Structure formats: structure tokens, C-alpha cells
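Visitor: Can you read through this structure? Questions will come right after.
The values are calculated or read from the model by the stated rules, or taken from the named source; none is laboratory data. Just so it is clear, the structure is predicted and the values come from calculations on it, not from any experiment. All Cβ positions, even for glycine, are placed from backbone atoms using ideal geometry, and neighbour counts span all protein chains on display.
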Amino acid sequence: MLALFGVATIAALLIGILSKRVSPLVALIAAPIVAALAAGFGGRTFTFAVEGIQSVAPLAAMNVFAIIFFGVLADAGLFAPFVRGILRIVGREPARIAAGTTLLAGLVQLDGAGAVTFLITIPAMRPLYDELRMDRRVLACTCALGAGINNMFPWGGPTMRAASALETPITDIYNPLAPVQAIGFAFALACAWWMGAREARRLKALAPIEVAAAAETPASAAPLWRTLVNTLLVIGVVVAMVVTVDGHPLVHPAIAFMIAAALALLVNYPAPDAQAARIDAHAPAALMLASVLFAAGAFTGIMKGTGMLTAMASAGAGLIPPAAAAHMPALIGVFSVPLSVVFDPDSFYFGVLPVVAGVGAQIGLPPDDIAQGALIGQMTTGFPISPLTPATFLLIGLAGVSLADHQRFSLFYLWLAGIVMTIAAVALGVFPL
């Protein structure tokens, strides 16, 4: 019964968001609360929600101050020289810009943190997209492709979870997938190039007045001394998040961005009135993102606390027909990207994966094969479109697109990348057929 409530909750969430009948905020709050109350959890529903909110509070704080920080730097003209530099390298060619976005996101994602990737890639590239009037959905999608596929590395969260859940050496799981990942990233670059080329055709068809507007130059750069200070602030924030001491960041990301935002305001806008004006300018975006993150935390907390996710995992594994068991790695690979919309990484890798691996073991299928099928897309390629991971809301918040528009635009490309990698895994002999 809990599994049915879970499926109904996920379905209501997706239908509400994708149909745009309700906002993501409303869907994330209403769907799990109604389901949990209907399932008989009563007042415990709100305890689960509070636990979920507490789990995302530091990330919400980081996102609020990150938006203010990067917004202030953009207002101060820090990114203007960067935009002009990219324009000198790639010209005004949208295809190259889109492919460059995927490449940059993939490189930054080498640290294994999707939030860091989006915080670096989107603020750096968005002024360029706005400069050329390129569709921001392309920005979000190309960034998602680079970040998602490169979330498969051994130090990434999904791969470490899979190895831990199945008690298997991480190299045994990842090493056969390395060429598959390379093929996937090459495909992502090709998709980005195609999206950019399509944007170029659209831009050429614009009316003359729109073309003239697209030719405007970026905002004026800040004075040299201020640009140097602002650049050091960005470097300092990145270092604080990436460098670890005893497995923990040098400075907690929320505190790092809090301090950086305060310093950016002091350096670029010393007058209190000017500081207040800049904060007011970026407050709507920060407030909207924070509210959605808290709602997402409540959603995940209720789904976990009630046991709906675990029940869905057990029920789903039991539906696998015996005849299909031998093909489970490829089947999981094909559907692993949309599975990211249904299961958060902990619930899938610690709940679903061991059960499915147990089914495979009964017919002599190694657990590594099951894990590799999942890693094609479950919270790797598919994580940037999942409402169950806060990084998704950071991506769309920074890119300035709605969750519904992002999912409808990006799901096709991300899912196609997962299918291509599954085919590559079968062709290379990684998955049995």
C-alpha cells in the first residue's frame, strides 16, 4: 500500500509541475503531505517534513548568498572581460558557445560536486547567452549534460554509494564504464553543438530590431583593482569548497558564500543604500530558490520518513519478470535517467540496488553489472533534472528557467545520452545481452 501512495505522490508531483497547473513549490509541499496523511501517518508527517527541511537548510543558505554574491559581481562588471574573451575565441557562434558550456561543466564536475559546477559554469556563461539572446534552456541543458555524465567518476556520490551498497571494489564497477562515459561525453558535446547550431538558425531569423539588440556589448568592466579583488573572492570561495581537511570542506560552503557576499558588497558598493539596492535587486531570485529548496527538503523528508521510497523500491524489484533478469543491466541503463526523477540517490543505491542485485544473483548475474547499469543515469546523467536533488534547483535558479521548462527541454537529451551509453556498453561487452 505504501508503494501505491509513493507512486501516486510522484505522479501527482510530475503532472502538476510538467503541466504547469501548479508551481513546483505547491506541488512539492502538497503532494507528499496529502499522501502521508491519507496513508495514516497523522502528525508524524510534519516531523518528517521538518527533518527534511533541516537537512537542506545549509544548502539553502549557500544558494541564497551565492545568488547575491554572483549577482553583485555581475552588476559590478566582473564577467564582462570574460564574456569578451570568449567572444574573441569562439566569435558569436552559438554552436561553439553551447559546446563550450558542456565542456566547462564537465571539467568543473571533476570535483564531483554538482552545486559547485553550476555555481561556476552558469554565472560565467549566462552573460554570454544573454548577450547573444540565446535560449537559457540551452544553457541549462548543455550544463546539465556535462555535469551529469561526469558525475560517474569513482569519487562521485553515485559510484561510491553503489560500491558501498554492494560491498564491491569501486574500481571493479567503474573501470569498465570509463570508455562508455567517454562515448557519452562525446555525444553530449555533439548534442550541445547541435543545440547551438539550431539557436544560430533561430537568431538569424529574428527581426532586425531584435538582431540589433543582440549585438549590444556586455556591461562595462569594473576598475582593474576591483576586478582583481573580485576575482580573488571567486577563487577563494571555490578553494574553500573544494579543498578538504579530514574529509570536510576548508570552510562550509554556506559560510564561505555568506562571507564572500558581504565582502563583495563592501568592495563594490561601499554605501549602505547601494548595498541595500543590490540586495533588493537579487532578493526575488534568492527567495524563490530558497523556498523551493525548503519545499524539496520537506518532500524528501516525508517520502523517506514514511517509508514510501523503500516500499516503491521493493515493489519495483518484485515486478522484474524472470525472463528479463538476464538483461537487467541494459534495461536499468535505458531507464536509469528517468529513475532519477523517482528515487533520490540514497533510496535507490541503498534500497533499490541491493534488491535488484539479489534478483540478478539468483541467475548468476554479477552485482557489478547491475551497478553499472544504474550508473548510466541514476543520479549521474539524470541528476540535473531531478526534483529530489537540491542541485537541480540551483541550476534552474542560476539559469533563470522554470523547472517544468527545464525538464521538458532537457529530459530528451539526457535520456538520449543514457540510451547511447547503454548501447555503447552492450557493444563493448560491458553489459550482457
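Visitor: Is it the case that Val430 is touching a helix residue (DSSP H, G or I) at 6+ places or on another chain (Cβ under 9 Å), assigned to a loop (DSSP other than H, G, I, E, B), in contact (Cβ under 8 Å) with a residue 12 or more places away in the chain and more than 28 Å from Arg126 (Cβ to Cβ)?
Guide: yes
Visitor: Now for a different question. Do any residues in segment 108-119 that are farther than 20 Å from Cys141 by Cβ and modelled with pLDDT under 80 have Cβ atoms under 8 Å from those of residues that are hydroxyl-bearing (Ser, Thr, Tyr) and in a helix (DSSP H, G or I), where the two are at least six apart or on different chains, and which pairs are they?
Guide: Asp111/Thr117
Visitor: Another question about this same structure. Is it the case that segment 52-60 has a residue that's surrounded by fewer than 21 Cβ atoms within 10 Å (Cβ to Cβ) and more than 21 Å from the chain's Cα centre (by Cα)?
Guide: The answer is no; no qualifying residue exists.
Visitor: State whether one or more residues within segment 33-40 are at pLDDT 90 or above, not in a helix (DSSP H, G or I) and not basic (Lys, Arg).
Guide: The answer is yes, given that some residue of segment 33-40 is at pLDDT 90 or above, not in a helix (DSSP H, G or I) and not basic (Lys, Arg).
Visitor: Continuing with the same structure: Name the single residue that is farthest from Val401 (Cα to Cα) among those in segment 14-30 being in a helix (DSSP H, G or I) and touching a helix residue (DSSP H, G or I) at 6+ places or on another chain (Cβ under 6 Å).
Guide: So, considering only residues that are in a helix (DSSP H, G or I) and touching a helix residue (DSSP H, G or I) at 6+ places or on another chain (Cβ under 6 Å), the one farthest from Val401 (Cα to Cα) is Ile29.
Visitor: Among the residues of segment 305-322 satisfying the criterion of being at pLDDT 85 or above and in a helix (DSSP H, G or I), which is nearest to Pro354 (Cα to Cα)?
Guide: Taking the candidates together, the pick is Met308.
Visitor: Residue pairs, Cβ under 9 Å, 6 or more apart or interchain, first in segment 349-360 and under 14 Å from Pro158 (Cβ atoms), second part of a helix (DSSP H, G or I) and among the basic types (Lys, Arg). List them.
Guide: Note: pairs meeting the criteria are Tyr349/Arg161; Phe350/Arg161; Leu353/Arg161.
Visitor: Scan segment 379-388 and give yes if some residue there is part of a helix (DSSP H, G or I), under 25 Å from the mean Cα position of the chain (by Cα) and among the polar types (S, T, N, Q), otherwise no.
Guide: Taking every residue of segment 379-388 in turn, none turns out to be part of a helix (DSSP H, G or I), under 25 Å from the mean Cα position of the chain (by Cα) and among the polar types (S, T, N, Q).
Visitor: Now for a separate question. Quick check: is even one residue across segment 72-86 free of Cβ contacts under 8 Å to residues at least 12 places away in the same chain, surrounded by fewer than 23 Cβ atoms within 10 Å (Cβ to Cβ) and within 30 Å of Asn230 (Cβ to Cβ)?
Guide: yes
Visitor: Here's another thing I want to ask about it. Does segment 414-433 hold any residues that are closer than 25 Å to Ser19 by Cβ and surrounded by 24 or more Cβ atoms within 10 Å (Cβ to Cβ), and which are they?
Guide: Of everything in segment 414-433, those that are closer than 25 Å to Ser19 by Cβ and surrounded by 24 or more Cβ atoms within 10 Å (Cβ to Cβ) turn out to be Leu414, Gly418.
Visitor: Further question: Name the single residue, out of those in segment 174-207 being in contact with a Pro (Cβ under 6 Å, 6 or more places away or on another chain) and either more than 19 Å from Ile370 (Cβ to Cβ) or of a type in the set (S, T, N, Q) (or both), that is surrounded by the fewest Cβ atoms within 10 Å (Cβ to Cβ).
Guide: My answer is Ala200.
Visitor: I'm checking my understanding of the structure. Among residues of segment 107-138 that are closer than 14 Å to Phe153 by Cβ and not hydrophobic (A, V, I, L, M, F, W, C), which one is farthest from the chain's Cα centre (by Cα)?
Guide: Asp111
Visitor: While we're looking at this one, here's another question. For segment 359-373, give me each residue that is at pLDDT 75 or above and either under 26 Å from Gly114 (Cβ atoms) or outside any loop (DSSP other than H, G, I, E, B) (or both).
Guide: Within segment 359-373, Gly360, Ala361, Pro367, Asp368, Asp369, Ile370, Ala371, Gln372, Gly373 meet the criteria.
Visitor: Any idea which residue in segment 355-374 is surrounded by the fewest Cβ atoms within 10 Å (Cβ to Cβ), counting only those that are closer than 17 Å to Thr310 by Cβ and either basic (Lys, Arg) or more than 25 Å from the chain's Cα centre (by Cα) (or both)?
Guide: Looking at residues that are closer than 17 Å to Thr310 by Cβ and either basic (Lys, Arg) or more than 25 Å from the chain's Cα centre (by Cα) (or both), I get Gly358.
Visitor: Sticking with this structure for a sec: In segment 155-172, is there at least one residue being at pLDDT below 95, surrounded by fewer than 20 Cβ atoms within 10 Å (Cβ to Cβ) and more than 30 Å from Asp344 (Cβ to Cβ)?
Guide: Within segment 155-172, none of the residues are at pLDDT below 95, surrounded by fewer than 20 Cβ atoms within 10 Å (Cβ to Cβ) and more than 30 Å from Asp344 (Cβ to Cβ).
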